[in-house]
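The values are calculated or read from the model by the stated rules, or taken from the named source; none is laboratory data. These numbers were taken from a predicted model, which means no experiment stands behind them. With ideal geometry, Cβ positions are generated from the backbone for all residues, glycine too; neighbour counts draw on all protein chains shown. Note: accessible area is taken over every heavy atom of the protein model, side chains too, but ligands, DNA and RNA are not part of it. Shrake-Rupley method; radii C 1.70, N 1.55, O 1.52, S 1.80 Å.
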Amino acid sequence: MKENNVKEKGCTKIMVCCGTGCTANGARQVLARLEEKLRGNKNFEVVPVLKATGCNGWCEKGPLVKIMPEDITYCQVKAEDVDEIIEKTLLRGEKIKRLLYRDPQTKEFLVSLHQTDFYRKQKKIALRNIGEIDPASIDDYIERDGYKALEKALKYMTPDEVLEEVIKSGLRGRGGGGFPTGRKWQACKKVPRFPKYIICNGDEGDPGAFMDRSIMEGDPHTIIEGMLICAYVLQAEKGFIYVRDEYDLAVKHLTQAILDARRCGFLGKNILGSSLSFDIELVRGGGAFVCGEETALIKSIEGFPGEPRDKYIFPTESGLWGQPTVINNVETWANIPVIILEGGEKFASLGTEGSKGTKVFSLVGKVVNTGLVEVPMGITLREIIYEIGGGIPNGRQFKAVQTGGPSGGCIPAQLLDLEIDFDTLTREGSMMGSGGIIVMDDTTCMVEVARYYTNFLAVESCGKCTPCREGLRALLAILTRIVKGEGKMEDLELLQEISEVMQEASLCALGRTAPNPVLSTLKYFQDEYVAHIIDRRCPAGVCPELTVFEIDAELCTGCTLCQKNCPVDAITGEAKKAHIIQQDKCIRCGECYRSCRFRAVKVK
Amino acid sequence: MPEIIDATAIEKACKEILDHYAPEPRYILAIMQDMQKRFNYLPPQGLKMLASYTGVPFSQVYAMASFYKAFSLKPKGRYIIKVCDGTACHIKGAETLVEQIYKYLQIRPGETTRDGSFSLETVNCLGACALAPVMVINEKVYGKVTPADIERIIKEYGGWADEGKQC
């Protein structure tokens, strides 16, 4: 029954977003209920087709249910809403107002996701299919021009012409380094040794970044197609996709996609009747952050601990098993089919002088609309945070935005109008990294943030070279001292000095960029360091040893919210009367401070 | 879930896993993944078999087992609590959750309760930043967790139901 309906053009499609965020909010239950209620439903002439899609990006409003072709999007749908959706929307064509998104400014109910501020400023290239297709279906991918770029390359272009398009597009590696992709392929092509290997780096490790996960889960075939096009350029026969250990669903969808691609003749011998033969193997990572570094990743595939090597010779010349190897990140691969199909020039018409095209950012932290956004390079931080992201929740004050993962930096409010691309971010002491944007408000302590990243990197440093291994330990010891209120003013100079040595002397990019969080917070938020050291006070109310919370009796309405949230029952007071914090019980977790809607909880 | 099995049973299970792969060093990682999944840790016996099967020194196998975080050399608990401490979760109070779990179960990250029920881990990022702070118990994801929720969640798994069960 279902099979026949798929072929009926124009029949209603119901797409339930089953990305990680929506799933955690109950999308699977919604899907199951829809399945149960639609199966053999006699009220329909043609039963609507149900699809589980990848992540739509707007995790904040999930689970999302889209109904096509009417283009209706329902937000925060629960299994209990399913009967009403079938009854009213699917059978009678009525919209259910309470499930539509309401614009917080205009108070207007918006029918389609595409009308919202969150989507309007976006331009989807790498994410073009995600949320629109069932990732487990190769037919869905093919229906949206999937494998057409491969066909175009194989049938109508020479390998050199394909390479020329990629160079013309100006695409730079989306994994963090920003190396021009076309030049990387060219360098590998020039090496007259075979076999050559192609690797997809899916070891996404930056905390707060999940675009690669979303692509691997939501549109796995685009990665395969991108790699195939590169294989044609290089005459490579073997590729590897290295997936981060934590990403179970990505492994599942990629495995399925590789099997389907083989079955349909897109992988294997003489692909589409051409001379190209290429196959892909999936490798699961072992849970080590440093394996995102390309030489470490190569070691890991070979069957060793993932330790990086120096890069006097690039992997394009001597990579996997000493052979010429092209290694690109997931998002980079996802752009390739579009570049070939629509031309490099069109891609290059988007973005800035030095950074072409779009970039996917994961917008998280203290911002109203958290999720994944794809925007043209050169957009300002202000547009991303305030127009797409909807600003800072609970009327709090914006403090900083952290970009570039643990080795990135913190950018303060005075740089909100910075047009972001690879080069501007590096100039301001941060970096693009894989595209995490973590928004911080006045309840985030910048010294503690620096300590957090330094700790992260100290744990993840592979320990091979001394500046990184010992430098991080020394930085961590000093920062820990400062957040405990035992810092000295001389510590600030010492932090600076150790950082500079690490930048100069570390072996790989992990160590060379590891001091960025320390240096950028020292540069823009030195007053917070001084407050910790001289005043023995944490202005953000985060560091437990340096914080005392109190409730302003004038502002407190006695709503009891803080009392309910307090994990140690340290807050007393009757409803509708001012509450009091029992200082001897308080563990300074800050839950009351962050959750109070009346700003009555203060940092003393 | 792994039942307590004797040495011959471990050997048999390991052999089954090894038989799926060609005897090449590049499959060490994949074989370890399978063993970890089967036993919830890497049994020493299995590592020895793996070394001789792939023809590498035992030290290299051990180096890999201790380098990669996906592997454990000690048996883990029935319920594995993963508290996400990625940046988004961190600035929304993930550390307080770890403190709360310690209060109820007396375990710190990397430890297992004495009765083998719970293991606690912190992970760098689960990619569910929109739901921060996040924790996962086995497969189930809990989003926007507050310190006050911890008691209820742990009780779902039979932990801290009464004094007798507290570890």
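Compute the Cα gyration tensor for the protein assembly as shown, then decide on rounded, prolate or oblate, letting a ≥ b ≥ c be the square roots of its eigenvalues: rounded whenever a/c is under 1.5, prolate when a/b is larger than b/c in the other cases, and oblate in all that remain. Walk me through the intermediate numbers first.
Numbers: a/c = 1.34, a/b = 1.17, b/c = 1.15.
Taking the square roots of the gyration eigenvalues as a ≥ b ≥ c, the protein assembly as shown is rounded.
For a test of the definition: using alpha carbon positions, the gyration tensor, and the 1.5 limit on a/c, classify region A:421-578 as rounded, prolate or oblate. Prolate, because a/c is 1.5 or more and a/b exceeds b/c.
I'd like to check one number: the per residue accessible area of region A:141-202, probe 1.4 Å, reported in Å² as a whole number. Please list the in-between numbers first.
On the way: 2830 Å² over 62 residues.
That works out to 46 Å² for each residue.
Charge dipole (Cα centre; +1 on Lys/Arg Cβ, -1 on Asp/Glu Cβ; no other charges) of the protein assembly as shown amounts to roughly 700 debye. Across region A:215-228, rounded Karplus estimates of 3J(HN,Hα) from the backbone phi angles (6.51 cos²θ - 1.76 cosθ + 1.60, θ = phi - 60°) give 5, 4, 7, x, 8, x, 5, 5, 5, 4, 5, x, 5, 4 Hz, Gly and Pro being marked x.
Along the axis of the charge dipole computed for chain A (Cβ charges of +1 for Lys and Arg, -1 for Asp and Glu, origin at the Cα centre), the listed residues A:Ile72, A:Ile301, A:Cys59 are led at the positive end by A:Ile72. Taking label points 7 Å from Cα along the Cα-to-Cβ direction, A:Leu555 and A:Asp423 give a separation of 4.5 nm. Distant-in-sequence amide contacts of A:Ile199, defined by a placed amide H-H separation under 5 Å and a gap of 5 or more residues or a different chain, comprise A:Phe240, A:Val326, A:Ile327, A:Asn328.
Using a probe of 1.4 Å on the protein chains alone, the accessible area found for A:Ile392 is around 20 Å². For region B:7-67, the relative contact order comes to 35 percent (Cα pairs under 8 Å, sequence separation of at least 6). Ranking A:Thr424, A:Leu272, A:Ile498 by Cα position along the charge dipole of the protein assembly as shown, where only Lys, Arg, Asp and Glu carry charges on their C-beta atoms, puts A:Leu272 farthest toward the positive end. Residues A:His579, A:His253, sorted by accessible area with the largest first, give A:His253, A:His579 [1.4 Å probe; ligands and nucleic acids excluded]. With a simple spin-label model that places each label point 7 Å from the Cα along the Cα-to-Cβ direction, the separation between B:Ala7 and A:Ser277 comes to 4.8 nm. Each part gets one Cα centre, and for region B:1-60 versus region A:425-483 those centres are 36 Å apart. Measuring nothing but protein heavy atoms, the accessible surface of the protein assembly as shown at 1.4 Å probe radius is 50 percent carbon and sulfur.
Let me make sure I get this right: for region A:138-348, a, b and c are the square roots of the gyration tensor eigenvalues over alpha carbons, sorted descending. Under 1.5 in a/c it's rounded, otherwise prolate if a/b > b/c, else oblate. Which is it?
Numbers: a/c = 1.43, a/b = 1.18, b/c = 1.21.
Rounded, because the longest to shortest axis ratio a/c is under 1.5.
To the nearest 100 Å², how much accessible surface do chains A and B cover up together, summed over both, with a 1.4 Å probe? Working shown, then result.
Working: alone 25500 and 9650 Å², together 31490 Å².
Roughly 3700 Å².
Karplus-derived 3J(HN,Hα) values for region A:208-214, using 6.51 cos²θ - 1.76 cosθ + 1.60 with θ = phi - 60°, are x, 10, 9, 6, 5, 4, 4 Hz; glycine and proline are entered as x.
Proximity of backbone amide H atoms, modeled 1.01 Å from N, is registered between B:Tyr79 and B:Phe118, B:Ser119 at under 5 Å, excluding neighbours fewer than 5 places apart on the same chain.
Here's how it looks for A:Cys508: its modeled amide H is under 5 Å from none belonging to a residue 5 or more places away or on a different chain.
Based on Cβ point charges of +1 for Lys and Arg and -1 for Asp and Glu, what charge dipole magnitude is obtained for region A:329-436 about its Cα centre, in debye rounded to the nearest 20? It would help to have the intermediate numbers written out before the result.
On the way: 8 positive and 12 negative charges, 91 e Å.
Magnitude of the dipole: close to 440 debye.
Rounded to the nearest 500 deg cm²/dmol, what is the calculated helix-only ellipticity per residue at 222 nm for the protein assembly as shown, with -39500 (n - 2.57) per DSSP H run of length n ≥ 4? Let's see the in-between values first.
Values: 30 runs with 284 residues, N = 771.
Dividing the helical sum by the residues of the protein assembly as shown leaves -10500 deg cm²/dmol.
What is the sum of charges, Lys and Arg at +1 and Asp and Glu at -1, for the other residues whose Cβ falls under 12 Å from the Cβ of B:Val98? Local net charge: -2.
Give a quick list of GluC sites (Glu not before Pro) in region A:84-179 that DSSP marks as loop, anything other than H, G, I, E or B, with at most 14 other Cβ atoms within 10 Å.
Working: sites: A:Glu84, A:Glu87, A:Glu94, A:Glu108, A:Glu132, A:Glu143, A:Glu151, A:Glu161, A:Glu164, A:Glu165; in loops: A:Glu94, A:Glu108, A:Glu132.
When the GluC sites (Glu not before Pro) of region A:84-179 are filtered for loop state and at most 14 Cβ neighbours within 10 Å, A:Glu94, A:Glu108 remain.
For region B:26-125, report the accessible area per residue in Å² (1.4 Å probe, heavy atoms, rounded to an integer).
Values: 4020 Å² over 100 residues.
Ligands and nucleic acids excluded, the figure is 40 Å² per residue.
Computed from backbone phi, the HN-Hα couplings of region A:315-327 come to x, 4, 9, 9, x, 4, 6, x, 9, x, 9, 9, 10 Hz, rounded to whole numbers (Karplus: 6.51 cos²θ - 1.76 cosθ + 1.60, θ = phi - 60°; Gly and Pro given as x). Taking 0.36 nm per residue of sequence separation and removing the Cα-Cα distance, the A:Asn270/A:Lys121 pair yields an extension gain of 49.4 nm.
With the simple model of a label 7 Å out from the Cα in the direction of the Cβ, A:Val46 to A:Val111 spans 1.9 nm.
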